[in-house]
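Student: Got a structure for you, written out below as structure tokens; questions coming shortly.
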């Protein structure tokens, strides 16, 4: 379930002198944006979130803006298009992207929600055959706000190009929409053990540290990739192999790349050696205070003194053994520096930039308040009301609140509820008629 602490976020606000003030609140749970208007000059977005939180689960999806009193009661609600703050993302077409050989696709409307793990991250399943019971559980990562387009593009392209590795959670499939075969996200294999932050193991093994060191060395020294977010929350234990696996590459970047793509940035302050050492310190001591500082202020010298093991933590070797492994590894990282400086990385991962979009027409207001149209190149997003006014197709993301979902309501990743579908569509989905475009992908796939 999406935690209440992360369920809402303010993208922007409009605070004119004297008010009223409007904040645009993102509801990650229901995947929508609602404007909250309040009297006066309200420069604190947390107030708008607090008022919206009271009504979020009962507010119909067709409501785009609410005007609330100083106590948070709804004075007026607006459902007209002029008050709709939603922007549509222009996702790239599948036929415009370079797909590595062997990577398959799955349609968004084939994915059924099983859980909502966080903003833009769901646990889903899809059918593997004509047998309804044969379903595969995967994690679906996507975006419905244009601000995350480049980061998602980077993560998908990096992850699907990484060779299979025993300590990297496998990439699964590209997810395309049901309207025009546009790429809206991807899936990775679901490992049910949980991450090391939310579900810490009873015993942390020295071999797991060696697994982590090994995969970091491969990422850095073979593939030229810095993960840049190594932490217990991004590590899990694969119980079938009794080994550590790393996932979540949304902060990853190519190391010392002369011309990085948008959406990636290598920062030495976030280097993976530092990430591994701080992670082990957290696992053993359960002390997270040092990692709460900004990355540029995190200093390895702060943990050079004795490590005090948390009483609930169990280790299969003395703490000194773990620290010795780290010390020896850190000393050997001169090899890493020499290789990345010379650029001698024969297995370095590379990927293309996001495909440019054809020119599109957008509508704005001139200085006299009169509408005007502009032809814009490579415009990644557009107001929903403008797309609809031109007769365009809109990909909807809104869905029921997780309270209803957890009560047994079956929901697809489109936001549709299976029980409310026409019988013929519901039957088609439940029969497991997989529509993965294997033949088409075979023709267009290229490394």
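The values are calculated or read from the model by the stated rules, or taken from the named source; none is laboratory data. As the structure is a computational prediction, the values presented were derived from the model and not from experiment. Neighbour counts run over all protein chains shown; Cβ positions are idealised from the backbone, glycine included.
Student: Go through segment 7-38 and count every residue that is in a strand (DSSP E or B) and in contact (Cβ under 8 Å) with a residue 12 or more places away in the chain.
Tutor: Step one: of segment 7-38, the residues in a strand (DSSP E or B) are 8-14, 21-27, 32-38.
After this cut, where a residue has to be in contact (Cβ under 8 Å) with a residue 12 or more places away in the chain as well, the list is 8-13, 21-27, 32-38.
So the count comes out to 20.
Student: How many residues are in a helix (DSSP H, G or I) and closer than 30 Å to residue 37 by Cβ when one looks only at segment 80-111?
Tutor: Filtering segment 80-111 down to residues in a helix (DSSP H, G or I) leaves 81-83, 94-96, 108-110.
Of the ones still in play, those that are also closer than 30 Å to residue 37 by Cβ are 81-83.
Qualifying residue count, segment 80-111: 3.
Student: Determine whether residue 69 is at pLDDT 95 or above, surrounded by fewer than 14 Cβ atoms within 10 Å (Cβ to Cβ) and farther than 30 Å from residue 391 by Cβ.
Tutor: On the way: at pLDDT 95 or above: yes; surrounded by fewer than 14 Cβ atoms within 10 Å (Cβ to Cβ): yes; farther than 30 Å from residue 391 by Cβ: yes.
Against the criterion (at pLDDT 95 or above, surrounded by fewer than 14 Cβ atoms within 10 Å (Cβ to Cβ) and farther than 30 Å from residue 391 by Cβ), residue 69 qualifies.
Student: Looking only at residues that are assigned to a loop (DSSP other than H, G, I, E, B) and surrounded by 17 or more Cβ atoms within 10 Å (Cβ to Cβ) in segment 179-192, which one is modelled with the lowest pLDDT? Break it down into steps so the answer makes sense when it comes.
Tutor: Keep residues of segment 179-192 that are assigned to a loop (DSSP other than H, G, I, E, B), which gives 179-181, 190-192.
With the extra rule that they be surrounded by 17 or more Cβ atoms within 10 Å (Cβ to Cβ), the set shrinks to 190-191.
Working: 190: 97, 191: 94.
For segment 179-192, the residue satisfying everything is 191.
Student: Hey, does segment 39-48 have a residue that's assigned to a strand (DSSP E or B), surrounded by 16 or more Cβ atoms within 10 Å (Cβ to Cβ) and in contact (Cβ under 8 Å) with a residue 24 or more places away in the chain?
Tutor: If we filter segment 39-48 for residues that are assigned to a strand (DSSP E or B), which is where we start, we get none.
For segment 39-48, residues assigned to a strand (DSSP E or B), surrounded by 16 or more Cβ atoms within 10 Å (Cβ to Cβ) and in contact (Cβ under 8 Å) with a residue 24 or more places away in the chain: absent.
Student: For segment 98-118, enumerate the residues that are surrounded by 19 or more Cβ atoms within 10 Å (Cβ to Cβ) and in contact with a helix residue (DSSP H, G or I) (Cβ under 6 Å, 6 or more places away or on another chain).
Tutor: If the condition is that a residue be surrounded by 19 or more Cβ atoms within 10 Å (Cβ to Cβ) and in contact with a helix residue (DSSP H, G or I) (Cβ under 6 Å, 6 or more places away or on another chain), then 116 is the only one that fits.
Student: Could you pull out the residue among 167, 220 that is touching a helix residue (DSSP H, G or I) at 6+ places or on another chain (Cβ under 6 Å) and at pLDDT below 95?
Tutor: Values: 167 fails: at pLDDT below 95.
Step by step, each of 167, 220 is checked, and only 220 is touching a helix residue (DSSP H, G or I) at 6+ places or on another chain (Cβ under 6 Å) and at pLDDT below 95.
Student: Just one of 57, 79, 12 is under 27 Å from residue 415 (Cα atoms) and touching a strand residue (DSSP E or B) at 6+ places or on another chain (Cβ under 6 Å); which is it? Lay out the reasoning, then the answer.
Tutor: Details: 57 fails: touching a strand residue (DSSP E or B) at 6+ places or on another chain (Cβ under 6 Å); 79 fails: touching a strand residue (DSSP E or B) at 6+ places or on another chain (Cβ under 6 Å).
Being under 27 Å from residue 415 (Cα atoms) and touching a strand residue (DSSP E or B) at 6+ places or on another chain (Cβ under 6 Å) holds for just one of 57, 79, 12, which is 12.
Student: Every residue in segment 314-366 that is in a helix (DSSP H, G or I), surrounded by 13 or more Cβ atoms within 10 Å (Cβ to Cβ) and at pLDDT below 80, please.
Tutor: 336, 339, 340 - these are the residues of segment 314-366 that are in a helix (DSSP H, G or I), surrounded by 13 or more Cβ atoms within 10 Å (Cβ to Cβ) and at pLDDT below 80.
Student: Given (1) within 24 Å of residue 115 (Cα to Cα); (2) crowded, with 17+ Cβ neighbours inside 10 Å, where does residue 226 come up short, assuming only one miss?
Tutor: Tallying (1) within 24 Å of residue 115 (Cα to Cα); (2) crowded, with 17+ Cβ neighbours inside 10 Å, residue 226 fails exactly one: (1).
Student: Looking at segment 127-141, can you tell me whether even one residue there is more than 30 Å from residue 266 (Cα to Cα), surrounded by 17 or more Cβ atoms within 10 Å (Cβ to Cβ), in contact with a helix residue (DSSP H, G or I) (Cβ under 9 Å, 6 or more places away or on another chain) and not assigned by TED's automatic domain parsing to the domain that holds residue 263?
Tutor: There is at least one residue in segment 127-141 that is more than 30 Å from residue 266 (Cα to Cα), surrounded by 17 or more Cβ atoms within 10 Å (Cβ to Cβ), in contact with a helix residue (DSSP H, G or I) (Cβ under 9 Å, 6 or more places away or on another chain) and not assigned by TED's automatic domain parsing to the domain that holds residue 263.
Student: Output yes when any residue across segment 204-216 is within 28 Å of residue 274 (Cβ to Cβ), more than 15 Å from the chain's Cα centre (by Cα), surrounded by fewer than 18 Cβ atoms within 10 Å (Cβ to Cβ) and modelled with pLDDT under 95, and no when none is.
Tutor: No; the residues of segment 204-216 include none that is within 28 Å of residue 274 (Cβ to Cβ), more than 15 Å from the chain's Cα centre (by Cα), surrounded by fewer than 18 Cβ atoms within 10 Å (Cβ to Cβ) and modelled with pLDDT under 95.
Student: Okay, moving on. Just checking, does segment 14-25 include any residue being surrounded by 14 or more Cβ atoms within 10 Å (Cβ to Cβ) and under 23 Å from the mean Cα position of the chain (by Cα)?
Tutor: Taking every residue of segment 14-25 in turn, at least one turns out to be surrounded by 14 or more Cβ atoms within 10 Å (Cβ to Cβ) and under 23 Å from the mean Cα position of the chain (by Cα).
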